[in-house]
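Let me begin by presenting the structure, written as structure tokens, before commenting on it.
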There are 2 protein chains.
Amino acid sequence: MTYDCLVIGAGPGGMRAAMEAAQAGLKTGLVEKEDLGGTCLNWGCIPTKLFLGSTAAAPLLHGQAKLKSATGELHFDLPAMQTRKDRFLKGSRTAVGKQLQALGVDVFNGTAAFTGPTSLAVTNAEGTTDLTFAKCIVATGSMPTAFPGLEPDGDCVLHSSHVLTLTEAPATIIIVGAGAIGLEMGDFFSRLGTKITIVEGMDRLAPTEDADIGDVLGKQLKREGWTIHTGRKVASLKTVDGKAVLTFEDGATLTADTSLMAAGRKPASDGLSVDAAGGATVGAGWIRTDACLKASDTVYAIGDINGRTLLAHAADHQARYVVRHLCGRTDAEYVSGPMPACIYGHTEVMRVGATVAELKAAGTSVEASVSQLVANPIAQSYGTTHGFVKVLWVDGRMAGIAAVGHGVSHLVSAATIMVAQQWTVEDVHTIIWAHPTLDEALEAAATAPRTTV
Amino acid sequence: MTYDCLVIGAGPGGMRAAMEAAQAGLKTGLVEKEDLGGTCLNWGCIPTKLFLGSTAAAPLLHGQAKLKSATGELHFDLPAMQTRKDRFLKGSRTAVGKQLQALGVDVFNGTAAFTGPTSLAVTNAEGTTDLTFAKCIVATGSMPTAFPGLEPDGDCVLHSSHVLTLTEAPATIIIVGAGAIGLEMGDFFSRLGTKITIVEGMDRLAPTEDADIGDVLGKQLKREGWTIHTGRKVASLKTVDGKAVLTFEDGATLTADTSLMAAGRKPASDGLSVDAAGGATVGAGWIRTDACLKASDTVYAIGDINGRTLLAHAADHQARYVVRHLCGRTDAEYVSGPMPACIYGHTEVMRVGATVAELKAAGTSVEASVSQLVANPIAQSYGTTHGFVKVLWVDGRMAGIAAVGHGVSHLVSAATIMVAQQWTVEDVHTIIWAHPTLDEALEAAATAPRTTV
């Protein structure tokens, strides 16, 4: 079989690429070794959001109980949640499968390996199929990484895919890594009554964000009963006598019922032989791409696998560009625009565009203006008033917006438009801000006095 | 005392006008007969949001219970909520009082009456103070109206300010009027266990919105146990033997423990004698304004009192314009831009810009594109998937966005920017939409196939 466009990997990037290519009239094939939807749908964004949505009443009750407005008890049925999650994911996979079929995309189940610049072999239990293509889009994504001495064993040392299948909440858990995965899973298990200990090698939670974000997050999670170790290196994490035992480099140890390794991901390019198609990998196997996301004359790489941004919506955006590029509809270089990112849960983190650190590293003079959520009536209504919204300015134009607090993920699209359009303070009042909304904290931050940071 | 700018009414419009005027260097006075903050802060938007936020866990638990994911019981303490509300409102009034003081605004407590084009008298229990001004801004707002035969008596026929002070939830309530006030208060009491009956003279709930919005709302609220009477006229609503008794024009009756009259508001212009300042009222007392929001050479009228848009943020927007106009910073006519409006609660309504009916009445050819929330993973995560997002198009540009469903108020600012900037479908992909978010339902609606409506 020969394809105008052959896509490897059916996650958010690959799915979008296959659909856009088919809609553009290209004969399109899609190779996936596991499930349609990839990590995002099956073991990532979506199941964690289902779990967080299912348990959202818990922190709200907790907040009101502190204010004496409510009392009560909630019992969550984790096996029932798992059943619902599995049913929803299966339904979603079926739905996207039908979409692909309706668009005429051929789906191949198996592992892909390049055999030349326009050919690859797909291998599964039934044998090997040889396919040829004019252009190929690699979108194989990434997977949990394993550091020496901290390898998930599926027993008491788990990675994120493991914990998403638990049917019983542990009494205690050690989470290594305080990025989105560690924080979201910690919040979820905390709602089920699990005692959370989180360990982060950097000096704060959410270490890719500015320090003020991690500070608020740390204070809030301590208030919720989390034990937090930041700036401490882990030597090993092992299952010992049916318990998870973490040993720090200084020799101190922690013990819990189970543990989650949520630090780092590695590229899913093993066995892909991208060099056979004229491409090359860097580091642990990330595919090197040029300014047009090309790995070679015939091969593009999008999403996690090119190592640029490990976010589903980044892959989607790259997919749309790459299909336009390979159809000859654009010859411009790829420009991502400001990238939004959220950490979900009861106390959320939202950012679009640059951090202070990124701007300073580029030698830019940065100003910041801030509003505290305590001044916002919607934050007050939920009794969750810790946090802030911060706007970063370069030459009088918005260069980044970040926020931490309850519900701040809801600000992401308005913030993305504002940063993408590089709003000035005058632009803020070209729209009417609805009252009362959490969004007014964004308006307040944008119009607050600025200080050089 | 003589003021460059004298403002009457300390609601959202008057407060903003006074602050902007003082910041512009004008000698500014502010007259208020009751509490700083007006209806919005004291008897409107803010207390209802506090109550809805305080009880938000209830419908979330209910939704998860249906999915078998959770069980539990919640008890809300209405007296404690009232105490917290009163404390919060008092704190907010103190805070805005300090802001006014810091800006040098003189605040007068009393009722204002114009005595001439540049003079008015402020009367309170201690006597009358005469003030003169170069320009005056009237921002006296509106209040619940009373139809003959349906007058709130404070016993079993209440208006919104009454119900906001209840310390015991009634077992049953009849709500007359299915606009924002009736729907929000109904949702709140429903969470406390009150059995809700809502009566609306028009043919649907939320009658100022398109019919498809009211249809979804009606179905959802019926599912939640509400009794809904639409398209039926009410002859009377009385307290009879300690019960609320509603009589329809056809003679049928309803009885409940209490009732809320939530239909219509009237202008708060009684005794203002705006004619003495060269102004005029229309209808029930709304102040007539020209294209620059002027009632006379010396008097502006902003917010509810001019009858244009009865929303706090409309008043705020008009206040900013009027201060610029009276300072000579603009001589352009007032343009509001697309107006956002939300009905809050578990199932929310959001709209910005025009309805189908408004566009058709203007003879415009309208297309609509829709996405159903059931396809959105965040809607799925909360188990609340009824509803949709709809984009209205005129000549290929967005003319209005409306939505109904859980959490749709969070879409309001992004939607406002999109409609204000009259986006085309190509504009939708000038930003990266974060995944997974409810906002993707907005993206999906904007890129869905269009049909002529």
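The values are calculated or read from the model by the stated rules, or taken from the named source; none is laboratory data. Given the structure is predicted, the values throughout are model-derived calculations rather than measurements. Using ideal geometry, Cβ is built from the backbone for each residue, glycine included, and neighbour counts are taken over all protein chains shown.
Per-structure values
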| item | result |
| --- | --- |
| Condition check for residue A:399: away from every other protein chain (no Cβ under 11 Å), touching a Ser or Thr at 6+ places or on another chain (Cβ under 8 Å), modelled with pLDDT of 95 or more and more than 27 Å from residue A:336 (Cβ to Cβ) | no |
| Subset of the range A:395-426 [hydroxyl-bearing (Ser, Thr, Tyr) and farther than 15 Å from residue B:418 by Cβ] | A:409, A:424 |
| Hits in the range A:354-382 (condition: within 11 Å of chain B (Cβ to nearest Cβ) and either farther than 15 Å from residue A:436 by Cα or touching a Pro at 6+ places or on another chain (Cβ under 7 Å) (or both)) | A:377, A:378 |
| Subset of the range A:171-209 (residues that are part of a loop (DSSP other than H, G, I, E, B), out of contact with any Phe, Trp or Tyr (no Cβ under 9 Å at 6 or more places or on another chain) and of a type in the set (Val, Ile, Thr)) | A:208 |
| Of all residues making up the range B:403-436, the number that are within 19 Å of residue A:320 (Cα to Cα) and either surrounded by 21 or more Cβ atoms within 10 Å (Cβ to Cβ) or outside the structural domain of residue B:392 (by TED's automatic domain parsing) (or both) | 6 |
| Top-ranked residue in the range B:419-437 [being at the interface with chain A (Cβ under 8 Å from one of its Cβ atoms) and among the aliphatic types (A, V, I, L, M); ranked as farthest from residue A:42 (Cα to Cα)] | B:420 |
| Residue within the range A:438-446 that is within 7 Å of another protein chain (Cβ to nearest Cβ), modelled with pLDDT of 95 or more and within 22 Å of the chain's Cα centre (by Cα) present | no |
| Only one of B:165, B:140 that is farther than 22 Å from residue B:60 by Cβ, under 16 Å from the mean Cα position of the chain (by Cα) and in a loop (DSSP other than H, G, I, E, B) | B:140 |
| Complete set of residues in the range B:355-378 that are buried (at least 24 other Cβ atoms within 10 Å of the Cβ) and in contact with a strand residue (DSSP E or B) (Cβ under 7 Å, 6 or more places away or on another chain) | B:373 |
| Criterion (in the same structural domain as residue A:7 (by TED's automatic domain parsing), buried (at least 16 other Cβ atoms within 10 Å of the Cβ) and either in a strand (DSSP E or B) or within 25 Å of the chain's Cα centre (by Cα) (or both)) met by exactly one of A:113, A:134 | A:113 |
| Among (1) touching a residue at least 40 places away in the same chain (Cβ under 8 Å); (2) surrounded by fewer than 22 Cβ atoms within 10 Å (Cβ to Cβ); (3) over 23 Å from residue A:135 (Cβ atoms), the one test that residue A:262 misses | (2) |
| Residue match in the range A:341-353 (condition: within 13 Å of chain B (Cβ to nearest Cβ), in a helix (DSSP H, G or I), hydrophobic (A, V, I, L, M, F, W, C) and surrounded by fewer than 24 Cβ atoms within 10 Å (Cβ to Cβ)) | no |
| Criterion violated by residue B:13 - all others in (1) crowded, with 24+ Cβ neighbours inside 10 Å; (2) farther than 23 Å from residue B:297 by Cα satisfied | (2) |
| Odd one out for residue A:414 among (1) more than 9 Å from chain B (Cβ to nearest Cβ); (2) aliphatic (A, V, I, L, M); (3) over 20 Å from residue A:211 (Cα atoms) | (1) |
| Filtered residue count, the range B:40-90, keeping only those that are part of a helix (DSSP H, G or I), over 21 Å from the mean Cα position of the chain (by Cα) and within 7 Å of chain A (Cβ to nearest Cβ) | 7 |
| Qualifying residue in the range A:34-47 (condition: farther than 18 Å from residue A:86 by Cβ and at pLDDT 95 or above) | no |
| Restricting the range A:318-340 to residues that are in contact (Cβ under 8 Å) with a residue 40 or more places away in the chain and at the interface with another protein chain (Cβ under 9 Å from one of its Cβ atoms), the residue that is farthest from residue A:413 (Cα to Cα) | A:320 |
| Qualifying residues in the range B:2-39 (those that are part of a helix (DSSP H, G or I) and farther than 18 Å from residue B:313 by Cα) - the one farthest from the other protein chains (Cβ to nearest Cβ) | B:22 |
| Residue list for the range B:402-411, restricted to those being within 12 Å of chain A (Cβ to nearest Cβ) and of a type in the set (A, V, I, L, M) | B:408, B:411 |
| Matching option when the condition is within 21 Å of the chain's Cα centre (by Cα) and either of a type outside the set (Phe, Trp, Tyr) or at pLDDT 95 or above (or both), among B:259, B:296, B:273 | B:259 |
| Which listed residue is hydrophobic (A, V, I, L, M, F, W, C) and touching a Gly at 6+ places or on another chain (Cβ under 7 Å), from B:78, B:100, B:52, B:60 | B:52 |
| Qualifying position, being under 30 Å from residue B:41 (Cα atoms) and among the polar types (S, T, N, Q), among A:336, A:371, A:365 | A:371 |
